[in-house]
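Here, each number is a calculation from the coordinates, and none is a lab measurement. Remember, predicted model here, so these are calculated numbers, not experimental data. In this analysis, Cβ positions are derived from the backbone assuming ideal geometry, glycine residues included, and neighbour counts consider all displayed protein chains.
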Amino acid sequence: MDKGWTMARKTVFCIVLLKCICVNAFTQDNIVKFDNRLAVSFSNKYNFIEYFQGMDKGFYSYDIINVGLGISYKNALFNFGITLPMVTFINPSTTALDTGFKYSMDKYYFEGNLEYYNNFFYGGKSVNMEILSVGLFGQYVFNNQNHSLGSVYGLNSHQLKSTGSLLMGADAFFSYMNTNDKAHSIDENNFIMFGPSIGYSYIFVLETGWFCNAMAVLAPNIGISYENVDFCFAPQIRPKLAFGHHGKLWSANIIFESNFSFYIRAEKPVSALETASAGFTISRRF
């Protein structure tokens, strides 16, 4: 009896030990930090923005080519992008600014952006209108030991195995809309908006260093006007799709992303702002 009990205890101990070793090997080795912590990057994006007011036609703006430079150190990446006027095919006087940062911690992922557009179009005609948007988004990554958003969007680490994770966080952003065109008046949705967010991300990894990510976040935000006492329900939907590759010193990604923001107020038509972009980033570590 004692001999059998001893063998059983040894068997259970070995199983538990083996399980701990396997779990630790996966959680510790699945995300690898690069030895070279400093990196510079070049990016190129095609941007599109459109504003709808009720069932009316949309006001749209094309930022045909936006080029940017970035620098990252450890977990932080800052990028600055601006339109090249000579290749804005529709209206050479269009001005656009697109800048932001990404910061990935072990358990959290943050993004911030500042976007400015002017010279919109309505029915094929130029409209004197401008939109400014500033946002800060933070997400807690539940499967943070095995799932790294920084490896996809910050290009600052290398995830070795495919995993998914639930995301939960908070948003805070500012929007300003203005037009001096009396023939095309709009509801100027000038709000400070904030609220919780929830989403899901899955990163598919190949042994050759290639990766693919699909992510979507839903944020049921509340908006408060900074011009008068006015409130709105401002939900956001943010889908993303990314492809990329990590090498020894070089990394690159291609990102398709959209942001659908809705402005729902009493006794006014529902407004919607859509921003979308497609672009690539090439990063070199030193």
Original post:
Around Pro220, what is the net charge, scoring Lys/Arg as +1 and Asp/Glu as -1 over all other residues with Cβ under 14 Å from its Cβ?
Top reply: 0
**OP:** Output the pairs from Lys107/Lys268; Lys182/Lys240; Lys161/Lys240; Lys102/Lys125; Lys102/Lys182 with a Cα-Cα distance over 31 Å in this structure; if there are none, say none.
**Re:** Lys107/Lys268; Lys182/Lys240; Lys102/Lys125; Lys102/Lys182
Original post:
Cβ under 14 Å from His245's Cβ, His245 left aside: what net charge do those residues give with Lys, Arg +1 and Asp, Glu -1?
Top reply: +2
Original post:
Can you pull the semi-axes for region 34-285, root of five times each eigenvalue of the Cα gyration tensor, sorted largest first, whole Å?
Top reply: 33, 22, 14
Subject >> Net charge of neighbours whose Cβ lies under 14 Å from the Cβ of Asn178, counting Lys and Arg as +1 and Asp and Glu as -1 >> reply: -4
Subject >> Inter-site label distance for Asn44 and Val67 at 7 Å from Cα along Cβ, in nm >> reply: 0.9 nm
**OP:** Sticking to Cα atoms, compute the Rg of region 157-231 to one decimal and its Dmax as the biggest Cα-Cα distance, whole number, in Å.
**Re:** 19.5, 58
